[in-house]
Amino acid sequence: MSSSAQRKRIRKSPTDRRAEIVAAAATIALTEGLEAITLRRVAEELGVRPGLISHYFPAVEELVAEAFGTAAQSELDTLLPADRGDATPAEHLARFFAHAAGEAFDDVSRLWINARHLSRYRPALRNRVGHQQSRWRDRLANLIRDGVRSGQFRTDDAQLAAMRILVVIDGLGAHANSDSSDQPDAVTSMAVTTAERELGLPRGTLRPDSATA
């Protein structure tokens, strides 16, 4: 008997299988949109039967919410990691703007637009959008508080400063579906200049070209 015939099929644990399903759905969300997430489409992506997907997610709406949360959390952990290493708060924030301005995150910006629209009609997704927004505000506010404690930033309300910065970022992200190549620098750099103003920093401190990779 050949070794291939002797090989036993390895069954994934429920936790691993569920994570695999959510990861596949998140990939579909980023590339095709949240509306494209169906039990059949995810099963096709994984090469399994739709019944396996429904076993873990009887309601596709819960899978849609999980997929958005996974993609949005990955974005947050990439752009504003909780573990900042040896970088100062100012260096970390400059790095954030440098990476957030790249085309690599256009798909995530489109996903946020998609999720906010669909969340009007889908409670599970609406709750997840609100949760991820809160995580963004808290992560940025904590960074700002660290900067205030170290004397790099100046603000009386870190939470409010974080909200103002994120509102501008969201506004700019709303143009992800359109060609913004003709926008003047004064517009494309609004998030940076807003952050510098909110945190009492000299103009140009947080410019993406001042950040290291």
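The values are calculated or read from the model by the stated rules, or taken from the named source; none is laboratory data. All of these numbers come straight from a predicted model, not from anything done at the bench. Note that we place each Cβ from the backbone using ideal geometry, even for glycine, and neighbour counts take in every protein chain shown.
List of remarks:
- Scan region 66-84 for residues that are in a helix (DSSP H, G or I) and of a type outside the set (Gly, Ala, Ser) and the total you get is 9.
- Answer residue from region 80-91, given it is surrounded by fewer than 19 Cβ atoms within 10 Å (Cβ to Cβ) and of a type outside the set (D, E, K, R) and is nearest to Ala29 (Cα to Cα) among those: Pro81
- Test for Val108: is it assigned to a helix (DSSP H, G or I), aliphatic (A, V, I, L, M), under 24 Å from Val64 (Cα atoms) and out of contact with any Leu (no Cβ under 8 Å at 6 or more places or on another chain): no
- Considering Ala94, Ala5, Ala98, the condition of being at pLDDT below 95, part of a helix (DSSP H, G or I) and over 22 Å from the mean Cα position of the chain (by Cα) is satisfied by Ala5 alone.
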